[in-house]
Amino acid sequence: MEASKFATLSKRLIRILHPQLFLPHKDKKNKPTKNKKEEEMAELFIKQAKQYAKTRPNYPQELFQFIASKTPTHDLVWDVGTGSGQAARSVSSLIYPPLFLSLNNVLIDASFFQLAGIYKNVVGTDTSLKQLEFAPKLPNVRYQHTPPVMSMAELEQTLSTQSSVDLVTIAQAMHWFDLPAFYQQVKWALKKPHGVIAAWCYTIPEVNDSVDSVFNPFYYVDSDPYWEPQRKLVDDKYMSIDFPFEPVEGTDHTGPFNFVAEKLMDLDEYFTYLRSWSAYETAKAKGVELLRDDVIENFKRAWNEDGHGRKVVKFPVHLKIGKVGNV
(Lines give C-alpha, C1' and ligand atoms only; values in the text may rest on other atoms or scores of the structure.)
Protein backbone atom coordinates (compact mmCIF):
# COMPACT_ATOMS: atom_id res chain seq x y z
CA MET A 1 0.00 0.00 0.00
CA GLU A 2 1.43 3.38 -0.93
CA ALA A 3 2.34 5.70 1.94
CA SER A 4 -0.43 8.24 1.42
CA LYS A 5 -3.15 5.59 1.34
CA PHE A 6 -1.74 3.87 4.39
CA ALA A 7 -1.61 7.15 6.30
CA THR A 8 -5.23 7.86 5.43
CA LEU A 9 -6.36 4.41 6.49
CA SER A 10 -4.25 4.56 9.64
CA LYS A 11 -5.86 7.80 10.68
CA ARG A 12 -9.27 6.23 10.25
CA LEU A 13 -8.14 3.28 12.33
CA ILE A 14 -7.05 5.61 15.11
CA ARG A 15 -10.56 7.02 15.27
CA ILE A 16 -11.57 3.42 15.83
CA LEU A 17 -8.93 2.66 18.41
CA HIS A 18 -9.47 5.80 20.46
CA PRO A 19 -12.91 7.14 19.50
CA GLN A 20 -13.31 9.37 22.55
CA LEU A 21 -10.36 11.45 21.38
CA PHE A 22 -12.99 13.00 19.15
CA LEU A 23 -15.74 13.65 21.67
CA PRO A 24 -17.33 17.07 21.27
CA HIS A 25 -16.50 19.98 23.51
CA LYS A 26 -18.66 23.02 23.99
CA ASP A 27 -17.67 26.51 23.01
CA LYS A 28 -19.27 29.64 24.40
CA LYS A 29 -22.18 29.25 22.04
CA ASN A 30 -22.67 25.65 23.24
CA LYS A 31 -21.71 24.21 19.88
CA PRO A 32 -19.76 20.96 19.59
CA THR A 33 -16.08 21.45 18.82
CA LYS A 34 -13.19 19.03 18.49
CA ASN A 35 -10.71 18.65 21.32
CA LYS A 36 -7.63 19.62 19.30
CA LYS A 37 -5.13 18.47 21.90
CA GLU A 38 -6.63 15.01 22.01
CA GLU A 39 -6.90 14.87 18.23
CA GLU A 40 -3.17 15.63 18.08
CA MET A 41 -2.67 12.69 20.44
CA ALA A 42 -4.39 10.40 17.96
CA GLU A 43 -1.87 11.45 15.32
CA LEU A 44 0.87 9.79 17.37
CA PHE A 45 -0.61 6.40 16.55
CA ILE A 46 -1.05 6.80 12.82
CA LYS A 47 2.27 5.38 11.62
CA GLN A 48 2.27 2.37 13.95
CA ALA A 49 -1.42 1.46 13.69
CA LYS A 50 -0.74 -1.59 11.57
CA GLN A 51 1.79 -2.98 14.04
CA TYR A 52 -0.55 -2.26 16.94
CA ALA A 53 -3.31 -4.29 15.30
CA LYS A 54 -0.97 -7.26 14.83
CA THR A 55 0.56 -7.41 18.28
CA ARG A 56 -1.98 -6.30 20.87
CA PRO A 57 -3.03 -9.13 23.21
CA ASN A 58 -6.43 -10.77 23.29
CA TYR A 59 -8.26 -10.27 26.56
CA PRO A 60 -9.05 -13.33 28.70
CA GLN A 61 -12.50 -14.86 28.81
CA GLU A 62 -12.44 -14.57 32.62
CA LEU A 63 -12.44 -10.79 32.30
CA PHE A 64 -15.68 -10.74 30.36
CA GLN A 65 -17.33 -13.37 32.53
CA PHE A 66 -16.53 -11.28 35.61
CA ILE A 67 -17.92 -8.12 34.01
CA ALA A 68 -21.07 -9.85 32.75
CA SER A 69 -21.73 -11.30 36.20
CA LYS A 70 -22.03 -7.76 37.58
CA THR A 71 -24.83 -6.60 35.27
CA PRO A 72 -28.25 -7.76 36.57
CA THR A 73 -29.69 -7.73 33.05
CA HIS A 74 -28.00 -8.33 29.71
CA ASP A 75 -29.95 -6.29 27.23
CA LEU A 76 -27.66 -3.57 25.94
CA VAL A 77 -23.92 -2.86 25.99
CA TRP A 78 -22.03 0.17 24.71
CA ASP A 79 -18.45 -0.85 23.93
CA VAL A 80 -16.38 2.25 23.36
CA GLY A 81 -13.34 1.56 21.21
CA THR A 82 -14.06 -2.03 20.25
CA GLY A 83 -11.80 -2.72 17.32
CA SER A 84 -13.00 -4.67 14.34
CA GLY A 85 -15.31 -6.70 16.48
CA GLN A 86 -13.40 -9.46 18.23
CA ALA A 87 -14.66 -8.88 21.76
CA ALA A 88 -18.30 -8.63 20.88
CA ARG A 89 -18.48 -12.09 19.37
CA SER A 90 -17.48 -13.83 22.60
CA VAL A 91 -20.00 -11.94 24.66
CA SER A 92 -23.06 -12.71 22.55
CA SER A 93 -23.01 -16.49 22.51
CA LEU A 94 -22.96 -17.38 26.16
CA ILE A 95 -26.16 -17.81 28.09
CA TYR A 96 -27.49 -14.30 28.49
CA PRO A 97 -29.88 -12.41 26.21
CA PRO A 98 -28.77 -8.76 25.48
CA LEU A 99 -28.13 -5.98 23.06
CA PHE A 100 -24.56 -4.78 22.70
CA LEU A 101 -23.67 -1.37 21.41
CA SER A 102 -20.17 -0.61 20.23
CA LEU A 103 -19.19 2.98 19.59
CA ASN A 104 -16.26 3.33 17.19
CA ASN A 105 -14.55 -0.03 16.91
CA VAL A 106 -10.90 -0.34 17.96
CA LEU A 107 -8.29 -2.12 15.82
CA ILE A 108 -8.18 -5.88 16.26
CA ASP A 109 -9.55 -6.02 19.79
CA ALA A 110 -10.94 -9.20 21.29
CA SER A 111 -13.60 -7.41 23.28
CA PHE A 112 -16.18 -7.15 20.51
CA PHE A 113 -16.21 -10.92 19.98
CA GLN A 114 -16.23 -11.55 23.72
CA LEU A 115 -19.19 -9.27 24.34
CA ALA A 116 -21.23 -10.66 21.46
CA GLY A 117 -20.73 -14.08 23.00
CA ILE A 118 -22.50 -13.01 26.18
CA TYR A 119 -25.04 -10.52 24.94
CA LYS A 120 -27.93 -11.27 22.62
CA ASN A 121 -27.73 -8.40 20.15
CA VAL A 122 -24.85 -6.12 19.26
CA VAL A 123 -24.83 -2.80 17.43
CA GLY A 124 -21.32 -1.83 16.40
CA THR A 125 -20.65 1.71 15.21
CA ASP A 126 -17.53 3.13 13.64
CA THR A 127 -16.25 6.32 12.06
CA SER A 128 -14.47 4.29 9.37
CA LEU A 129 -16.51 2.61 6.67
CA LYS A 130 -13.35 0.78 5.63
CA GLN A 131 -12.92 -0.72 9.07
CA LEU A 132 -16.54 -1.83 9.17
CA GLU A 133 -15.94 -3.80 5.99
CA PHE A 134 -13.59 -6.05 7.98
CA ALA A 135 -15.91 -6.47 10.95
CA PRO A 136 -17.27 -10.00 11.47
CA LYS A 137 -20.76 -10.68 10.20
CA LEU A 138 -22.66 -12.18 13.11
CA PRO A 139 -26.41 -12.75 13.44
CA ASN A 140 -26.72 -10.72 16.63
CA VAL A 141 -24.39 -7.86 15.63
CA ARG A 142 -25.40 -4.80 13.65
CA TYR A 143 -22.84 -2.23 12.50
CA GLN A 144 -23.42 1.46 11.92
CA HIS A 145 -21.13 4.17 10.58
CA THR A 146 -20.98 7.29 12.77
CA PRO A 147 -19.35 10.74 12.56
CA PRO A 148 -16.16 11.30 14.56
CA VAL A 149 -17.91 13.76 16.88
CA MET A 150 -21.39 13.19 18.26
CA SER A 151 -23.69 15.46 20.20
CA MET A 152 -25.95 14.08 22.91
CA ALA A 153 -28.82 14.03 20.43
CA GLU A 154 -26.71 12.04 17.99
CA LEU A 155 -25.66 9.71 20.79
CA GLU A 156 -29.31 9.00 21.57
CA GLN A 157 -30.07 8.40 17.91
CA THR A 158 -27.10 6.06 17.54
CA LEU A 159 -27.24 4.30 20.89
CA SER A 160 -30.69 4.15 22.45
CA THR A 161 -32.93 6.05 24.81
CA GLN A 162 -31.70 7.44 28.11
CA SER A 163 -31.06 4.91 30.91
CA SER A 164 -31.27 1.90 28.59
CA VAL A 165 -27.71 0.56 28.60
CA ASP A 166 -26.67 -2.30 30.90
CA LEU A 167 -22.94 -2.02 30.37
CA VAL A 168 -20.34 0.38 28.99
CA THR A 169 -16.90 -1.07 28.26
CA ILE A 170 -13.65 0.63 27.29
CA ALA A 171 -10.49 -1.36 26.51
CA GLN A 172 -7.04 0.27 26.72
CA ALA A 173 -8.34 3.69 25.76
CA MET A 174 -9.97 5.58 28.61
CA HIS A 175 -6.76 7.33 29.70
CA TRP A 176 -6.98 9.34 26.45
CA PHE A 177 -10.57 10.47 26.96
CA ASP A 178 -12.00 13.79 27.96
CA LEU A 179 -13.35 12.10 31.08
CA PRO A 180 -15.89 14.72 32.25
CA ALA A 181 -17.55 14.77 28.82
CA PHE A 182 -17.38 11.01 28.48
CA TYR A 183 -18.76 10.32 31.95
CA GLN A 184 -21.64 12.66 31.24
CA GLN A 185 -22.57 10.46 28.31
CA VAL A 186 -22.05 7.26 30.30
CA LYS A 187 -24.29 8.41 33.15
CA TRP A 188 -26.94 9.46 30.66
CA ALA A 189 -26.85 6.09 28.91
CA LEU A 190 -26.65 3.58 31.79
CA LYS A 191 -29.68 2.05 33.49
CA LYS A 192 -30.21 3.39 37.00
CA PRO A 193 -29.04 2.31 39.52
CA HIS A 194 -27.30 -0.93 38.43
CA GLY A 195 -25.87 -0.07 35.00
CA VAL A 196 -22.17 -0.87 34.91
CA ILE A 197 -19.10 0.78 33.41
CA ALA A 198 -15.99 -1.37 32.96
CA ALA A 199 -12.70 0.10 31.76
CA TRP A 200 -9.41 -1.75 31.61
CA CYS A 201 -5.84 -1.30 30.54
CA TYR A 202 -2.91 -3.65 30.17
CA THR A 203 0.54 -2.78 31.40
CA ILE A 204 4.04 -3.75 30.28
CA PRO A 205 4.70 -7.28 28.98
CA GLU A 206 6.31 -9.97 31.08
CA VAL A 207 8.38 -12.72 29.41
CA ASN A 208 11.01 -14.10 31.79
CA ASP A 209 13.72 -12.72 34.06
CA SER A 210 16.31 -12.47 31.27
CA VAL A 211 14.13 -10.66 28.74
CA ASP A 212 12.48 -8.49 31.38
CA SER A 213 15.87 -7.36 32.67
CA VAL A 214 16.56 -5.91 29.22
CA PHE A 215 13.06 -4.57 28.79
CA ASN A 216 12.84 -2.66 32.07
CA PRO A 217 15.58 -0.07 31.39
CA PHE A 218 14.35 0.16 27.79
CA TYR A 219 10.89 1.10 29.04
CA TYR A 220 11.56 3.05 32.24
CA VAL A 221 14.67 4.91 31.06
CA ASP A 222 15.09 4.97 27.28
CA SER A 223 11.47 5.41 26.22
CA ASP A 224 10.18 7.34 29.23
CA PRO A 225 10.79 10.86 27.82
CA TYR A 226 8.71 10.06 24.75
CA TRP A 227 5.51 8.86 26.40
CA GLU A 228 2.59 11.24 26.74
CA PRO A 229 1.57 12.14 30.32
CA GLN A 230 -1.60 10.04 30.03
CA ARG A 231 0.55 6.91 29.89
CA LYS A 232 1.23 7.36 33.60
CA LEU A 233 -2.39 6.40 34.27
CA VAL A 234 -1.67 3.04 32.63
CA ASP A 235 1.59 2.60 34.52
CA ASP A 236 -0.44 3.28 37.66
CA LYS A 237 -2.82 0.45 36.66
CA TYR A 238 -5.72 2.94 36.55
CA MET A 239 -5.51 3.29 40.35
CA SER A 240 -5.38 7.08 40.12
CA ILE A 241 -7.75 7.62 37.20
CA ASP A 242 -10.90 9.60 37.97
CA PHE A 243 -13.74 7.07 38.26
CA PRO A 244 -16.88 8.52 39.90
CA PHE A 245 -18.92 5.32 40.21
CA GLU A 246 -20.08 3.00 42.99
CA PRO A 247 -18.72 -0.51 43.69
CA VAL A 248 -20.65 -3.26 41.91
CA GLU A 249 -22.40 -6.04 43.79
CA GLY A 250 -20.07 -8.36 45.68
CA THR A 251 -17.21 -5.83 45.85
CA ASP A 252 -16.27 -3.03 48.22
CA HIS A 253 -14.21 -0.97 45.77
CA THR A 254 -14.05 -0.14 42.06
CA GLY A 255 -10.70 -1.79 41.39
CA PRO A 256 -8.43 -2.27 39.76
CA PHE A 257 -9.20 -5.98 39.59
CA ASN A 258 -6.39 -7.97 38.02
CA PHE A 259 -6.38 -10.42 35.12
CA VAL A 260 -3.72 -11.65 32.67
CA ALA A 261 -3.76 -11.60 28.87
CA GLU A 262 -1.32 -13.82 27.01
CA LYS A 263 0.10 -13.80 23.50
CA LEU A 264 2.52 -16.24 21.88
CA MET A 265 5.32 -14.28 20.21
CA ASP A 266 8.66 -14.78 18.55
CA LEU A 267 11.33 -12.11 18.85
CA ASP A 268 10.38 -10.36 15.61
CA GLU A 269 6.78 -10.08 16.80
CA TYR A 270 8.02 -8.77 20.15
CA PHE A 271 10.01 -6.08 18.34
CA THR A 272 6.95 -5.25 16.24
CA TYR A 273 5.02 -4.75 19.47
CA LEU A 274 7.70 -2.37 20.79
CA ARG A 275 7.66 -0.43 17.52
CA SER A 276 3.89 -0.06 17.81
CA TRP A 277 4.27 2.20 20.84
CA SER A 278 3.42 5.85 20.43
CA ALA A 279 6.62 6.59 22.36
CA TYR A 280 8.66 4.75 19.73
CA GLU A 281 7.08 6.78 16.94
CA THR A 282 7.51 10.04 18.87
CA ALA A 283 11.19 9.29 19.44
CA LYS A 284 11.68 8.36 15.81
CA ALA A 285 10.08 11.61 14.69
CA LYS A 286 12.67 13.41 16.82
CA GLY A 287 15.53 11.49 15.25
CA VAL A 288 15.97 9.00 18.10
CA GLU A 289 16.04 5.25 17.42
CA LEU A 290 15.06 3.54 20.66
CA LEU A 291 15.83 0.08 19.30
CA ARG A 292 19.52 0.74 18.76
CA ASP A 293 21.79 -2.04 17.56
CA ASP A 294 23.15 -2.66 21.07
CA VAL A 295 19.62 -2.83 22.51
CA ILE A 296 18.54 -5.28 19.83
CA GLU A 297 21.58 -7.46 20.54
CA ASN A 298 20.78 -7.45 24.27
CA PHE A 299 17.21 -8.53 23.54
CA LYS A 300 18.40 -11.26 21.16
CA ARG A 301 20.84 -12.64 23.71
CA ALA A 302 18.21 -12.69 26.46
CA TRP A 303 15.47 -14.07 24.22
CA ASN A 304 17.54 -16.95 22.88
CA GLU A 305 19.02 -17.90 26.23
CA ASP A 306 16.54 -20.72 26.88
CA GLY A 307 16.59 -22.05 23.31
CA HIS A 308 12.90 -21.42 22.67
CA GLY A 309 12.14 -19.11 19.76
CA ARG A 310 8.47 -18.56 20.66
CA LYS A 311 7.44 -17.48 24.12
CA VAL A 312 4.24 -16.76 26.01
CA VAL A 313 4.20 -13.03 26.68
CA LYS A 314 1.96 -12.03 29.59
CA PHE A 315 0.23 -8.67 29.79
CA PRO A 316 -1.25 -7.81 33.22
CA VAL A 317 -4.79 -6.45 32.77
CA HIS A 318 -6.23 -3.99 35.29
CA LEU A 319 -10.00 -3.47 35.43
CA LYS A 320 -11.92 -0.56 36.89
CA ILE A 321 -15.60 -1.40 37.29
CA GLY A 322 -18.49 0.39 38.94
CA LYS A 323 -22.22 0.98 38.78
CA VAL A 324 -23.87 4.28 38.01
CA GLY A 325 -26.16 4.47 41.04
CA ASN A 326 -29.10 6.86 41.27
CA VAL A 327 -27.67 9.91 39.54
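The values are calculated or read from the model by the stated rules, or taken from the named source; none is laboratory data. These figures come from a predicted structure and were not determined experimentally. Please note: Cβ atoms are built from the backbone with ideal geometry, for glycine as well, and neighbour counts cover all protein chains shown.
Among what's in segment 173-193 and is assigned to a loop (DSSP other than H, G, I, E, B) and modelled with pLDDT of 90 or more, pick the residue that is surrounded by the most Cβ atoms within 10 Å (Cβ to Cβ). Step through it out loud before you land on a result.
Filtering segment 173-193 down to residues assigned to a loop (DSSP other than H, G, I, E, B) leaves 173, 177-178, 191-193.
Now narrow it down to the ones that are modelled with pLDDT of 90 or more: 191-193.
Values: 191: 20, 192: 13, 193: 12.
Once the filter is applied, the top-ranked residue is 191.
Rundown of residues vs (1) under 18 Å from residue 204 (Cβ atoms); (2) in contact with an Asp or Glu (Cβ under 8 Å, 6 or more places away or on another chain); (3) surrounded by 13 or more Cβ atoms within 10 Å (Cβ to Cβ); (4) not hydrophobic (A, V, I, L, M, F, W, C), yes/no style:
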position: 283; (1), (2), (3), (4): yes, yes, yes, no
position: 288; (1), (2), (3), (4): no, no, yes, no
position: 293; (1), (2), (3), (4): no, no, no, yes
position: 297; (1), (2), (3), (4): no, no, no, yes
position: 300; (1), (2), (3), (4): no, no, yes, yes
position: 305; (1), (2), (3), (4): no, no, no, yes
position: 310; (1), (2), (3), (4): no, yes, no, yes
position: 314; (1), (2), (3), (4): yes, yes, yes, yes
position: 317; (1), (2), (3), (4): yes, no, yes, no
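Please verify whether segment 163-172 includes one or more residues that are assigned to a loop (DSSP other than H, G, I, E, B), on the phi > 0 side of the Ramachandran plot, in contact with a Leu (Cβ under 9 Å, 6 or more places away or on another chain) and small (Gly, Ala, Ser).
Checked against the condition, which is being assigned to a loop (DSSP other than H, G, I, E, B), on the phi > 0 side of the Ramachandran plot, in contact with a Leu (Cβ under 9 Å, 6 or more places away or on another chain) and small (Gly, Ala, Ser), segment 163-172 yields at least one hit.
What pairs come up if the first residue lies in segment 238-254 and is in contact (Cβ under 8 Å) with a residue 12 or more places away in the chain, the second is hydroxyl-bearing (Ser, Thr, Tyr) and in a loop (DSSP other than H, G, I, E, B), and their beta carbons are under 7 Å apart, counting only those six or more places apart or on different chains?
Sorted first by the residue in segment 238-254, then by its partner, the pairs are 243/254; 245/254; 247/254.
Inside segment 194-302, counting only helices (runs of 4 or more DSSP H) that do not spill past its ends, which hold 3 or more residues that are among the hydroxyl-bearing types (Ser, Thr, Tyr)?
267-275, 278-285
If I ask for residues that are closer than 22 Å to residue 228 by Cα and touching a Leu at 6+ places or on another chain (Cβ under 9 Å), which ones from segment 286-313 would you list?
290, 291
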